[in-house]
């Protein structure tokens, strides 16, 4: 009898605690990556002045949502290159960190939303 009670309580306890994982809660509440919240500032910081016309840039303007959205595949391909490779961006600067590159990739994966 005691052994059956012990096994039953153990099963109930394990079942209850399996629904208490904080990682499951956190994963379900993460907001999607958006242009306004996550990406715009990175572009201003890392793509200036070349791709920001207001700062004197004369390359493809990436200072607005529409243009960046249309060119996201090219942008990601270029920022993933290593210095010295043809097409590497940001030109004449150090390679962006993996976490910065991940923001662009996550924005694309989340549907390229503006806000």
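Things worth noting here:
- Matching residues in region 78-89 - criterion: being touching a helix residue (DSSP H, G or I) at 6+ places or on another chain (Cβ under 8 Å) and either at pLDDT below 95 or within 15 Å of residue 68 (Cα to Cα) (or both): 79, 89
- The residues on offer are 74, 97, 23, and the sole one that is surrounded by fewer than 16 Cβ atoms within 10 Å (Cβ to Cβ) and modelled with pLDDT under 95 is 23.
- Evaluation of residue 99 against (1) under 22 Å from residue 113 (Cα atoms); (2) without any contact (Cβ under 8 Å) to a residue 24 or more places away in the chain; (3) part of a loop (DSSP other than H, G, I, E, B) (one fails), failing number: (3)
- Selection from region 51-71 of residues that are over 23 Å from the mean Cα position of the chain (by Cα) and surrounded by 16 or more Cβ atoms within 10 Å (Cβ to Cβ): 57
- Scanning region 28-79 for residues that are part of a loop (DSSP other than H, G, I, E, B) and farther than 18 Å from residue 92 by Cβ returns 30, 31, 32, 33, 34, 61, 63, 64, 71.
- Of all residues in region 100-115, none satisfies the criterion of being closer than 14 Å to residue 51 by Cβ and at pLDDT below 95.
- Residue in region 7-18 that is outside any helix (DSSP H, G or I), modelled with pLDDT under 95 and loosely packed, with under 10 Cβ neighbours inside 10 Å present: no
The values are calculated or read from the model by the stated rules, or taken from the named source; none is laboratory data. All values reported here derive from a predicted model rather than from experimental measurement. Ideal geometry is used to build each Cβ from the backbone, glycine not excepted, and the neighbour counts take in all protein chains shown.
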